Amino acid sequence: MEIHKLKELKKQAVLIRKHIIDEVYSAASGHPGGSLSCTDILTALYFNEMRVDVKNPQWEDRDRFVLSKGHCAPALYAALAEKGFFPKEDLVKFRSADSYLEGHPSMRYVTGVDMSTGSLGQGISAAVGMGIAGKLDNKDYRVYAILGDGELQEGQVWEASMAAAHYKLDNLTAFLDHNGLQIDGNITDVMSPEPVANKFEAFGWNVINIDGHDLTQITEAIDKAKNTKGKPTMIVCATVKGKGVSFMENNAGWHGTAPNKEQRDQAIAELNDILSALEVE
Amino acid sequence: MTQKIATREAYGSALAEFGSDSRIVVLDADLSKSTKTDTFKKKYPERFINMGIAEGNMMSTAAGIATCGKVVFASTFAIFASERSCEQIRNSACYPKLNVKIGATHAGISVGEDGASHQCIEDIAIMRALPNMVVLSPADAVETRCAVKAAIEHDGPVYLRLGRLSVPVLYDEASYRFELGKGNMISDGSDVTIIATGLMVHTAVEAGKLLEQQGIKARIIDIHTIKPIDSDIIIKAAKETGAIVTAEEHNVVGGLGGAVAEVLVQNYPVPLKMVGIEDKFGKSGKPDKLMEMYGLTAENIVQKAKQSIQMKK
């Protein structure tokens, strides 16, 4: 990727992170940790890769995206608003009764959301369905999904993984946001899904391991997935929960906790510093 | 002699008949020979997808396919459809109001020899509690064909309750008119109304004949759409006959009886008696024997009808 484009993507990711903080702060509830850890993946998808049209959100040939870890809606909403699907000003109404920005993504209320999610394990199955539909119709659109690593504890993920490989869904690319933490602590302490890469390989997937915060690695992995025929691709992304906000990083406590005013201001200041550094880079 | 066809057979035939609509995709969970979706599979193999023994994944996958403009029928036994994958149906299909049509066969105790583990007697209660869900429970082969057609035409999720057992064909295919959300009055009467669904409709007709021999005129109504229920036909029956008895091959908790009671108590309370499974599990046995053991008979409907009449002031 050319330097200029990479820098634009990095700045875009910071803007999304700032929205995440303000969404969760305004709602006084929500999930900042996992939203911040999957931000770079979403940035690469919506601002470098996916074939979508904000003027025609239901375009039948568009690429699809399913946020299987639906609790990270703040990150998805921020990406969609930055892309232009709905006004950025609406983001601070996240989770309020008079807003369409549901706590978890709803395809009926939020323009640009391709599938309603929130109950873990179901999103990846829906993505499998979209992949099957694409094959049935001989369409060349691609389907993307992001799963959490705690989500792998849901048996349905493995039912869906079996089906994706069985039906040779090479139009499906999933990302594992492997930040190692879930609400109750380390995923390996709560109920270990490890070794995750070996498991997806054994289930018949093409597996690529990357740093989930390195936009160059993310876009290169997406290209590899597009060139892989006959099997779905799982991009296992090593990530940091709370990435970009010092006091939230690697802390399970920030899974589903909103920052107070002081914490919000500090987080925004830190993100502004990253943005300034990018400007002079 | 009356022709007998299982509603699951009629379901398979209807899918094959209406399958010329290229939007239709059929999913099954390794039971296509039992659910009769194999009839569709033979005709349109490219649009039949076996999801293996993984019902939860099947329902969410069906929802994903439906987001791409398809009308998806997902079939398995009622027990696995409505209960094992209940939450997938709720969150993946009902909440986003997608075109997922659930063909749930082997409902009720008339499943027979497989026994209690496979006899679903709770699905009406569970499925009608889901917002956006339409619940259809056809009485015979003719009505099943109409129900499948109505499910295709309806925009949103539909639960189709179907049986394994061959049951008498009540309706004439050429003349029968089916309207989603409307009950069908089979015969008029002024003393009591029998409101039935599924295979209990033909039992209700038998009960009507027995009552007539005893000088009691029963109105008989077939409720093929459990949800949205036809409140008008129920309230009218309450006003004109003053006593109701419901009949269903389902638990008496939350099923057709419950749905009718909800309409009556809020609009025009009259005595109501329920014929159904008395909140207990089924067991293995010949279907006819089980129907007798669990009180799903014309004689029991007659008895409950008389009790309901006696409760009139």
With viscosity set to 0.692 mPa s and temperature to 37 °C, compute the Stokes-Einstein D of the protein assembly as shown, Rh being the Kirkwood radius across alpha carbon pairs; µm²/s, no decimals.
127 µm²/s
Kindly provide log₁₀ I(q)/I(0) values, in the same order as q = 0.16, 0.18, 0.21, 0.22 Å⁻¹, from the Debye equation applied to equal alpha-carbon scatterers of segment B:25-147.
-0.75, -0.96, -1.32, -1.43
Computed FRET value (nearest 0.05) for B:Tyr268 with B:Glu212, which takes r as the C-beta separation and R₀ as 30 Å:
0.75
Probe 1.4 Å, protein heavy atoms only: A and B together bury a total accessible area in Å², to the nearest 100, of 1900 Å²
Points 7 angstrom from Cα along the Cβ direction at A:Glu249 and B:Asp279: gap in nanometres?
5.9 nm
Per the helix-only calculation at 222 nm, which mean residue ellipticity applies to chain B, given -39500 (n - 2.57) for every DSSP H run of n ≥ 4 and division by its residues, nearest 500 deg cm²/dmol?
-10500 deg cm²/dmol
Tally up the carbon and sulfur contribution to the accessible surface of segment A:3-278 as a whole percent, 1.4 Å probe, everything protein left in place.
48 percent
Report D for segment B:184-311 in µm² per second (integer): Stokes-Einstein, Kirkwood Rh on Cα pairs, 4 °C, 1.567 mPa s.
91 µm²/s
Using only alpha carbon pairs under 8 Å that are at least six residues apart, calculate the relative contact order of chain A and give it in whole percent.
24 percent
Can you give the relative contact order of segment B:4-168 as a percent, counting alpha carbon pairs under 8 Å and 6+ residues apart?
29 percent
Set the bar at 30 Å for Cα to Cα. Now go through B:Lys36/B:Lys304; A:Lys5/A:Lys55; A:Lys168/B:Lys36; A:Lys93/A:Lys139; B:Lys36/B:Lys289 and name every pair that lies beyond it.
B:Lys36/B:Lys304; A:Lys93/A:Lys139
Given a Förster radius of 56 Å and the C-beta distance between A:Ala277 and B:Asp21 as r, what FRET efficiency does 1/(1 + (r/R0)^6) yield to the nearest 0.05?
0.45
Which cross-chain or sequence-distant (5 or more) residues have an amide H under 5 Å from the amide H of B:Val275, H modelled 1.01 Å from N in plane?
B:Thr246, B:Ala247, B:Glu248
If you build a Gaussian network model of chain B, linking Cα atoms that sit under 10 Å apart, which residue out of B:Ser82, B:Ser32, B:Ser20 swings the most?
B:Ser20
Given H placed on each backbone N at 1.01 Å, which residues far from B:Ser75 in sequence or on other chains put an amide H within less than 5 Å of it?
B:Leu27, B:Asp28, B:Ala29, B:Gly103
Quick one: 3J(HN,Hα) in Hz for segment A:56-68, Karplus 6.51/-1.76/1.60 with θ = phi - 60°, rounded, Gly and Pro as x.
9, x, 9, 2, 6, 9, 5, 6, 9, 10, 10, 8, 5
If you project the alpha carbons of chain B onto the principal axes, what extent comes out on each, in Å, largest first?
59, 39, 38
Estimated inter-spin distance, A:Asp223 and A:Asp189, nm [label 7 Å along Cα→Cβ]
4.1 nm
Within a 10 angstrom radius of each residue's Cβ in A:118-125, how many Cβ atoms of other chains show up on average? Whole number is fine.
6
Taking H as built 1.01 Å from N, whose amide H comes closer than 5 Å to the amide H of B:Val135, not counting residues under 5 places away?
B:Tyr159, B:Ile226, B:Lys227
Mean Cα-pair separation over length for chain B, i.e. relative contact order, pairs under 8 Å, 6 or more apart, %:
17 percent
With runs of 4+ DSSP H residues as the only contributors, calculate the mean residue ellipticity of chain A at 222 nm using -39,500 (n - 2.57) per run, divided by the residue total and rounded to the nearest 500.
-13000 deg cm²/dmol
Would you work out what percent of the accessible area of chain B, with all protein chains in place, is carbon or sulfur (probe 1.4 Å)?
49 percent
Do any residues of segment A:131-170 lose at least 30 Å² of accessible area when the full set of protein chains is present rather than just their chain alone, and if so which, with a 1.4 Å probe?
A:Ile132, A:Ala133, A:Leu136, A:Asp137, A:Gln156, A:Glu159, A:Tyr167
Based only on Cα atoms, what Rg/Rh ratio does segment A:3-278 have, Rh being taken as Kirkwood's radius?
0.94
Compute the distance from the alpha-carbon center of segment A:25-88 to that of segment B:115-149, in whole Å.
38 Å
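The values are calculated or read from the model by the stated rules, or taken from the named source; none is laboratory data. Everything numeric here is computed off the predicted structure, so don't read it as measured data. Note that each Cβ is placed from the backbone with ideal geometry, even for glycine, and that neighbours are counted across all protein chains shown. Heavy atoms of the whole protein, side chains included, go into the accessibility calculation; ligands, DNA and RNA do not. Shrake-Rupley method; radii C 1.70, N 1.55, O 1.52, S 1.80 Å.
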